[in-house]
Structure formats: structure tokens, C-alpha cells
Amino acid sequence: MEDQQKGVVPMPMKIDAQLSAEWQKNDQDFSCNTQDGSVDFKGRPAVKATTGGWTAGFLILFNQGLATLAFFGVGVNLVLFLTRVINQSNADAANSVSKWTGTVYLFSLVGAFLSDSYWGRYKTCAIFQLIFVAGLALLSLSSYFLLVKPDGCGDGHDPCDPHSSTAVGVFYLSIYLVALGNGGYQPNIATFGADQFDEEDTREAHSKISFFSYFYLALNLGSLVSNTFLSYFQDRGLWVLGFWASAGSAFLGLVLFLAGTRRYRHFKPGGNPLSRVTQVIVAASKKWTTSLPPSSDHLYDGDGKDPTSCAVRRILHTDGFRFLDRAAVVDARDFSRPCSARDPWRLCTVTQVEEVKCVLRLLPIWLCTILYSVVFTQMASLFVEQGAVMNTQVGTFHVPPASMSAFDIVSVAFFIFFYRHLLHPLVCRIKKDSKGLTELQRMGIGLVIAVLAMVAAGTVEIFRLRYVTDDGNSSLNVMWQIPQYALIGASEVFMYVGQLEFFNSQAPDGLKSFGSALCMTSISLGNYVSSVIVTIVMDITTKRNKPGWIPGDLNRGHMDRFYFLLAAMTVVDFVVYLICARWYKSTRWESRDLGSVKELV
């Protein structure tokens, strides 16, 4: 009592005050760190103020723009390089471009696997960008010393000399190194950019969604330079200059990427995902005759520290693909000996089982996007060949056919801002839902617009054939291609941006790069399917000595019928997509245990 009168605080109150101050200090320190489990380049919990955010995001966007400029500096005019310099036919060149582009995106699976399993996204991006730069340098050197002979050939007027098998072999080696480098880099840079935003922070979560739109915008703005300036130079036979410009752009992008090393946020790779998937299948097979429990509460959910799952969050149980749940059913043999560790090939966690279910649910949606990519790839092949036999003069200026894809890029930029700032807020008010259109709805809209693009291209081809002149070209101006390019651009905004967001949000935490790779592989398979369709169509339509729909002389063919065929196939694909979208059930995660994160701080 005397101590209280003198103002002396009793000892228990002193301890409480010290603990309170310590907890408050810990809370303040914790609030400075990200809450999604990301770390800095030294493996420490990432601090919001000094890592990630739009500072790192803009570095990645600029890197993407420069890398895209370099890639399309090769890809946009590759079909013309093959016909004018390598001396391939139109159909063979279109197939070669489709196969090469398909291989680019097929390599994305390699990059995604290495990233998710072993290297992490930063290291994977850096290594594949080095390969990308090396491939572009080799392409530039081989073109200068071996292919573009005499100088200035391949401009549409002066033919190039025949090439040795060695020269052609070096050329294909260089472009497939470009394919490997760009393919392995692409799915990881998109996911790595999204990693810079903490989805547990409301403001950063909104920025993360916006990032995908701006990422696709950066991709298209980078290709705008390729499709205008570089296309113009290459169309005039300045192939070597264009390829060296691409190599320089890729090198500058790599330097810029490495400059941000200390700023980036990282997620540690979680080991081979193939083994986790295989364990679920094997465990479910071993317990094929085991009865399923009436409730998911009886399934094995681990202790929260399961070494076989790299997921930061537990995935909540779903009722689909029930046969896989047997992998998480506990029987007498799973823990037959006291303190024995479980066998992951006999017993898996619910989260591990749900990872496999996530992938299985994504596959039907992914398959429906392949035919859209068949439509998309025509912009780099048949659209260019169509423009090459049209009137390319606008006043006194010659428009390179490949540069018409600039209208696709302008359309992408316009519709990204149209959607983000006009359509999305309007839909939110109408639906009274802040999410607006779902990713699946936007992808469906993209398919519909793709049908319109093919109808527009076929209609232009009908009129082009009506105005063929004596010199073999059509008097119809190449500007009539603007609607088909603009519609492809609009469809990309809804389809490919929606895909990036959808696969990134729905893929398990340990398979984020794989989710982005699904977008790339749909483009890959779309290119291969396009090549197959072209081959089949030519085989069928060239019987009885007919020239076919896509002959060397397009004026003797019916490319319009090919465009309308793709439109009809896309309509069928859209109907199947609607069925798959209605069947799809979104992945649901348990909220992150922030207390466990605090223990790491």
C-alpha cells in the first residue's frame, strides 16, 4: 500500500508492461514484412519498404518489353526470311514458323519445371535470358557471314544465293536457341513479376491483378518496335541490322533484370512436383479397395509441417475426383510402428491430393484454349502472306506486310485501358460485385471475338481475290487488314490476360510457374495444331491436280475458305468451353497462419 502511494509499480505490472511493449514492437516489425512467405535475395523475410512493389514490378515490365522487342524482331518477319532468304515455299514457311513458335512455348514447360522444382524463378529467368542472348548473337553472325548473300538480298526483289547445308544448320541452331531461351524465360518472368506483390495486403493484391494487364501491355509495346521499325528495315533486306538490334535489346533487358537483384522478392522452390503428383496416384492405387470415409474430416491432413508439400497454404478439400481421396485415407499399416514416419507413397496429405485435383480441373479449360491459339498464330503467318500480295502502298510509303501487326498491338493497348478503366467499373456497378467479369467469362469473350476476326480475314480475302492485277498482286489496299488485326488484339486482352490471371490464381502455390506455362503451352500446341490443319487441308484440297486452298500462288487458292473453317471450328470450341467453364470449381485455400510466419521473423 505504501509502495502504491509512492507511485512505485508492483513487479507483476512491470512485467506485463514489458511484455506488452515487446509484443507491440514485434507486431510493428512483423507489419513491415510481407505476409505471403516471400523472402529477399539473402533468404530473409522480405521487407515491404525495400523489396518488391511497383519498383521491382517496373524493372520486370521494362525487361519484358525489351525481351519481347528482341523476340519479335526475329519472329515477326521469320516467315518472310524463310521464303526470301532460305527460299522455302509459302506453305512450308508457314509450317516452319508454326513449329518454331510452338517449340518456343513448349520450352516454357522446361523453364517452369526447373523454376518450381530447383532453381527458383529469379535464377531460371537469368539463365534462360543468357541462352536467349547467345542465340540472337549466333543468328546475327550466321546471317552476316553465311545467309544474306549478296548483301541486301531478301528484300522481295533480289534473291539470295543458294545456301549450304552447314549454313542452314547453323541458322536453325540459332533460332532454336532463341526458342529455348525465350521459352524458358517467359512463364517465369510473368509469375516472378506477380511475386513482387503481397496478396495478403489488400492494396498490393489489387496491384498484383493489375500487373498482369500491364505485363501483357509491356509485351505488346515491346513488339510494336519490332513490328514497325525492325520490320521496315528487314523488309528492305537489312536483315543483319534487325537481328543485331534484337540481340542488343535482349542484352540490355538482361542487364536491367540483373540490376534489380537486391530489390526482388522470392519464393523458394519446393522440389520436384512430379514426385508429389506420382505419390498421390500410387497411394490411391494401393488403397483402391479402401472405403472412403463419410466426411473429409477423417482424411489425413498432416501437422502443418509436411515435407512433401511445398504449399504455403493448405488447400481445402473438394468433392471432385473422389477416387484420389483414398491417398489420404489412414489405414492400420500407415502407422503400424510407434513414432514411425509415414510413407508418402502410401499416405498423402489432403493438400497434396488437392494439388493433383487442381491440375486435373485446369486441364479441360486449358485444352479449350488451344484452338484459340490456332487462330492467334495466323497473324504471324497467313496474315503476313496475305498482306504480301496486296497493295502495300499508302501514298508514297511502302507498308511492310509484317508491320500490320502494329494494329494488333495498338488494339491490345486500347482494350487493356478500355477494360481496366471503363468496362470493369461499369460491370462492377451492374453486378454489384467488385470482381466484375471473372477470368473464365473474359476468356469466353476472347473466343467469340476470335471468331469475328477469322470472319473478317476471310471476307478481306474474298475481296482481295476479286481485285487481282496482272502483276500477281491485288489492288485491294493492305489497310483493309486492319479489322482482322484489331479484332485479334481485342481477343488477346480477354483471352490471354484472363488466362494469365486464371492459371496463376488457380494453380497450387508450388506450381505457380507451371500455371503460367500452361498459357504458353496452349500457344505452343496451337501452333503445332495449325501446322497439322494446314497440312491436312492442303492434302485434301490438292487432289485431282487442284492448287489447294493455300498454294504458292495465293491468287490460285482459296485462303478465305481456310479462315472460315477456323471460324467454324472456334464456334464448336466455344460451345465445349462453356460446358467446361460451368463444370469448373474454383480452388479454395485456407487462410495463411500468420502466427507461424511470425515465428520466422
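The values are calculated or read from the model by the stated rules, or taken from the named source; none is laboratory data. All values reported here derive from a predicted model rather than from experimental measurement. Cβ: placed from backbone, ideal geometry, glycine included. Neighbour counts: every protein chain shown. We work out accessible area using only protein heavy atoms, side chains counted, and drop any ligands, DNA or RNA first. Shrake-Rupley method; radii C 1.70, N 1.55, O 1.52, S 1.80 Å.
Which one is least open to solvent (accessible area, probe 1.4 Å) among residues in the range 419-444 that are among the aliphatic types (A, V, I, L, M) and part of a helix (DSSP H, G or I)?
Result: Met443.
Check off (1) of a type in the set (Phe, Trp, Tyr); (2) surrounded by fewer than 22 Cβ atoms within 10 Å (Cβ to Cβ); (3) under 23 Å from the mean Cα position of the chain (by Cα) for Phe397 and give me the number that stays unchecked.
(3)
Every residue, every condition in (1) touching a residue at least 40 places away in the same chain (Cβ under 8 Å); (2) surrounded by 19 or more Cβ atoms within 10 Å (Cβ to Cβ), yes or no:
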{"site": "Ile409", "(1), (2)": "yes, yes"}
{"site": "Ala413", "(1), (2)": "yes, no"}
{"site": "Phe417", "(1), (2)": "no, no"}
{"site": "Val451", "(1), (2)": "yes, yes"}
{"site": "Phe463", "(1), (2)": "no, no"}
{"site": "Val493", "(1), (2)": "yes, yes"}
{"site": "Gln499", "(1), (2)": "yes, yes"}
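Any idea which of Gly120, Gly73, Gly53 is open to solvent by less than 30 Å² (accessible area, probe 1.4 Å), on the phi < 0 side of the Ramachandran plot and of a type outside the set (A, V, I, L, M, F, W, C)? Give the steps one after another, and end with the answer.
Details: Gly120 fails: on the phi < 0 side of the Ramachandran plot; Gly53 fails: on the phi < 0 side of the Ramachandran plot.
Criteria check complete, one pass: Gly73.
Would it be correct to say that Ser140 is within 19 Å of Phe251 (Cα to Cα), in contact with a helix residue (DSSP H, G or I) (Cβ under 6 Å, 6 or more places away or on another chain) and of a type in the set (S, T, N, Q)?
yes
All but one of (1) at pLDDT 85 or above; (2) open to solvent by 30 Å² or more (accessible area, probe 1.4 Å) hold for Gly557; which doesn't?
Every condition holds for Gly557 apart from (2).
So, in the range 51-82, how many residues would count as being more than 20 Å from Asp151 (Cβ to Cβ), in contact with a Ser or Thr (Cβ under 6 Å, 6 or more places away or on another chain) and free of Cβ contacts under 8 Å to residues at least 40 places away in the same chain?
0
The conditions are (1) closer than 27 Å to Ala49 by Cα; (2) crowded, with 19+ Cβ neighbours inside 10 Å; (3) charged (D, E, K, R), and Asp235 fails exactly one of them. Which is it?
The failed condition is (1).
Under the condition of being open to solvent by less than 10 Å² (accessible area, probe 1.4 Å) and not in a helix (DSSP H, G or I), which residue from the range 501-548 is farthest from Thr351 (Cα to Cα)?
The residue in question is Gly548.
One residue is enough: does the range 375-388 have a residue meeting the conditions surrounded by fewer than 17 Cβ atoms within 10 Å (Cβ to Cβ) and either outside any helix (DSSP H, G or I) or among the aliphatic types (A, V, I, L, M) (or both)?
no
Could we say that Glu200 is open to solvent by 10 Å² or more (accessible area, probe 1.4 Å), in contact with a Ser or Thr (Cβ under 9 Å, 6 or more places away or on another chain), in a helix (DSSP H, G or I) and among the charged types (D, E, K, R) here?
Values: open to solvent by 10 Å² or more (accessible area, probe 1.4 Å): yes; in contact with a Ser or Thr (Cβ under 9 Å, 6 or more places away or on another chain): yes; in a helix (DSSP H, G or I): no; among the charged types (D, E, K, R): yes.
Considered against the rule, which asks whether it is open to solvent by 10 Å² or more (accessible area, probe 1.4 Å), in contact with a Ser or Thr (Cβ under 9 Å, 6 or more places away or on another chain), in a helix (DSSP H, G or I) and among the charged types (D, E, K, R), Glu200 comes out as no.
Which condition does Gly498 not pass, out of (1) in a loop (DSSP other than H, G, I, E, B); (2) under 30 Å from Arg276 (Cβ atoms), if it passes all the others?
(1)
Just one of the numbered conditions (1) farther than 26 Å from Ala194 by Cα; (2) in a helix (DSSP H, G or I) is not true of Gly237; which one?
(2)
State which residue is nearest to the chain's Cα centre (by Cα) when the search covers only the range 353-387 and only residues that are more than 15 Å from Met443 (Cβ to Cβ) and among the polar types (S, T, N, Q).
This residue is Thr377.
Per-residue answers, yes or no, for (1) among the polar types (S, T, N, Q); (2) under 30 Å from Cys160 (Cβ atoms); (3) modelled with pLDDT of 95 or more:
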position	(1), (2), (3)
Ala245	no, yes, no
His266	no, no, no
Ser275	yes, no, no
Val280	no, no, no
Ala284	no, no, no
Lys287	no, no, no
Leu292	no, no, no
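Just to be sure before I move on: is Val170 buried (at least 17 other Cβ atoms within 10 Å of the Cβ) and within 23 Å of Ser231 (Cβ to Cβ) in the structure I sent?
no
Say we look at the range 447-493 and pick out the residues that are within 30 Å of Cys368 (Cα to Cα) and charged (D, E, K, R); which of these is farthest from the chain's Cα centre (by Cα)?
Glu461
So which of Lys268, Lys286 is touching a Gly at 6+ places or on another chain (Cβ under 7 Å) and in contact (Cβ under 8 Å) with a residue 40 or more places away in the chain? Give the steps one after another, and end with the answer.
Working: Lys286 fails: touching a Gly at 6+ places or on another chain (Cβ under 7 Å).
When all the criteria are applied, what remains is Lys268.
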